[in-house]
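Enquirer: Quick one: the structure is below, questions incoming.
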């Protein structure tokens, strides 16, 4: 999902994960640099299986425009997020560009956004979304957007993907507190079928301290940290859990305990 697809109103979510604001800013640059480092000599015209409407070239344009959109809103101190300014989905016309052209453009966008974010108070009420301070929210959202699209690009190019475990745990938590509520707002008829007595999903990372319980017994999902029995549990390495909730991989090879049918419907409906 591109940031410009997000609805204007979002529910309240608690907690911002274990990574600091400063780490989010630094990781925007780091993730962009890791992405660019994988592009040398690559054919950017290949299709991206996980984003089938785009080539790698167009995916990179999507990421770069998202960086610049957030940068512009923060630097201009817009009172609220302005989705009309985003060009991140308008990438169909881009083709034939090389890594030598797009690499520096991506890195410049990441460095500029990180600099803009570091120059403001993380809780300043600018570029707000759903009443949440824009700097804190967008530093995390754009960082994790870059992480997922780095996987998309590397997967398309046949390059191995690695991710710091703390960044992956932050990504999983951000998905539950940002992407998941958006899915419920975007597709209310579809996600309503997930709501029911006892419907809970437990995400349990095996290689880092990250356990999240998603409570589907109310009209909107509620998320809490910790270990508890749930209707269904998905257990495995944290990076694999991230890829599963983002529908970049199936749950095959991961441990599933309990109601597999609920898990399948949950992952299908909670797409971002």
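Enquirer: Can you give me the number of residues within the stretch 105-117 that are closer than 13 Å to residue 27 by Cα and without any contact (Cβ under 8 Å) to a residue 24 or more places away in the chain?
Expert: Final tally of qualifying residues: 1.
Enquirer: With the checklist (1) assigned to a helix (DSSP H, G or I); (2) in contact with a helix residue (DSSP H, G or I) (Cβ under 8 Å, 6 or more places away or on another chain); (3) farther than 28 Å from residue 70 by Cα in hand, flag the one item residue 189 doesn't pass.
Expert: In the conditions (1) assigned to a helix (DSSP H, G or I); (2) in contact with a helix residue (DSSP H, G or I) (Cβ under 8 Å, 6 or more places away or on another chain); (3) farther than 28 Å from residue 70 by Cα, residue 189 misses (2) alone.
Enquirer: What's the number of the only condition in (1) more than 21 Å from residue 170 (Cα to Cα); (2) in a loop (DSSP other than H, G, I, E, B) that residue 227 fails to meet?
Expert: The one condition residue 227 does not meet is (1).
Enquirer: If you take the residues in the stretch 48-59 that are within 16 Å of residue 157 (Cβ to Cβ) and over 15 Å from the mean Cα position of the chain (by Cα), which one is surrounded by the fewest Cβ atoms within 10 Å (Cβ to Cβ)? Before the answer, list the steps.
Expert: As a first pass, look at the stretch 48-59 and keep what is within 16 Å of residue 157 (Cβ to Cβ): 48-52, 54-59.
The next check asks that each one be over 15 Å from the mean Cα position of the chain (by Cα); those that pass are 48-49, 52, 54-58.
Numbers: 48: 21, 49: 10, 52: 7, 54: 22, 55: 22, 56: 24, 57: 24, 58: 22.
Step by step, filter the stretch 48-59, then rank; the result is 52.
Enquirer: Something else now. Being assigned to a loop (DSSP other than H, G, I, E, B), on the phi > 0 side of the Ramachandran plot, loosely packed, with under 14 Cβ neighbours inside 10 Å and at pLDDT 95 or above is true for just one of 45, 96. Which residue is that?
Expert: Result: 96 is the single residue among 45, 96 that is assigned to a loop (DSSP other than H, G, I, E, B), on the phi > 0 side of the Ramachandran plot, loosely packed, with under 14 Cβ neighbours inside 10 Å and at pLDDT 95 or above.
Enquirer: Keeping to the stretch 99-112, report how many residues are more than 19 Å from residue 143 (Cα to Cα) and in contact with a helix residue (DSSP H, G or I) (Cβ under 9 Å, 6 or more places away or on another chain).
Expert: Let us first name the residues in the stretch 99-112 that are more than 19 Å from residue 143 (Cα to Cα), namely 99-101.
Subset that is in contact with a helix residue (DSSP H, G or I) (Cβ under 9 Å, 6 or more places away or on another chain): 99.
Matching residues across the stretch 99-112 total 1.
Enquirer: Scan 81, 120, 63 and give me the residue that is touching a strand residue (DSSP E or B) at 6+ places or on another chain (Cβ under 6 Å), touching a residue at least 40 places away in the same chain (Cβ under 8 Å) and closer than 25 Å to residue 21 by Cα. Give the steps one after another, and end with the answer.
Expert: On the way: 120 fails: touching a strand residue (DSSP E or B) at 6+ places or on another chain (Cβ under 6 Å); 63 fails: touching a strand residue (DSSP E or B) at 6+ places or on another chain (Cβ under 6 Å).
Of the residues listed, the single one that is touching a strand residue (DSSP E or B) at 6+ places or on another chain (Cβ under 6 Å), touching a residue at least 40 places away in the same chain (Cβ under 8 Å) and closer than 25 Å to residue 21 by Cα is 81.
Enquirer: Does residue 116 qualify as being more than 18 Å from the chain's Cα centre (by Cα) and exposed (fewer than 14 other Cβ atoms within 10 Å of the Cβ)? Lay out the reasoning, then the answer.
Expert: Values: more than 18 Å from the chain's Cα centre (by Cα): yes; exposed (fewer than 14 other Cβ atoms within 10 Å of the Cβ): no.
Answer is no for this residue.
Enquirer: Of the numbered conditions (1) under 27 Å from residue 172 (Cβ atoms); (2) touching a residue at least 12 places away in the same chain (Cβ under 8 Å), residue 158 satisfies every one except a single condition; which is it?
Expert: Among (1) under 27 Å from residue 172 (Cβ atoms); (2) touching a residue at least 12 places away in the same chain (Cβ under 8 Å), the lone unmet condition for residue 158 is (2).
Table: residues versus (1) under 11 Å from the mean Cα position of the chain (by Cα); (2) closer than 17 Å to residue 28 by Cβ; (3) surrounded by fewer than 18 Cβ atoms within 10 Å (Cβ to Cβ).
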{"site": "121", "(1), (2), (3)": "no, no, yes"}
{"site": "125", "(1), (2), (3)": "no, no, yes"}
{"site": "145", "(1), (2), (3)": "yes, yes, no"}
{"site": "154", "(1), (2), (3)": "no, no, no"}
{"site": "157", "(1), (2), (3)": "no, no, yes"}
{"site": "161", "(1), (2), (3)": "no, no, yes"}
{"site": "170", "(1), (2), (3)": "yes, yes, no"}
{"site": "173", "(1), (2), (3)": "yes, no, no"}
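Enquirer: Out of the stretch 233-255, which residues are surrounded by fewer than 21 Cβ atoms within 10 Å (Cβ to Cβ) and either over 18 Å from residue 166 (Cβ atoms) or in contact (Cβ under 8 Å) with a residue 40 or more places away in the chain (or both)? Talk me through it step by step, then tell me what you get.
Expert: At the first step, the residues of the stretch 233-255 found to be surrounded by fewer than 21 Cβ atoms within 10 Å (Cβ to Cβ) are 235-237, 240, 247-255.
Result: 235, 247, 248, 249, 250, 251, 252, 253, 254, 255.
Enquirer: Need the failing condition index for residue 188 against (1) on the phi > 0 side of the Ramachandran plot; (2) modelled with pLDDT under 95, just the number.
Expert: Among (1) on the phi > 0 side of the Ramachandran plot; (2) modelled with pLDDT under 95, the lone unmet condition for residue 188 is (1).
The values are calculated or read from the model by the stated rules, or taken from the named source; none is laboratory data. Small disclaimer: the values here were computed from a predicted structure and weren't measured. Heads up, the Cβs are rebuilt from the backbone with ideal geometry, glycines too, and the neighbour counts pull from every protein chain shown.
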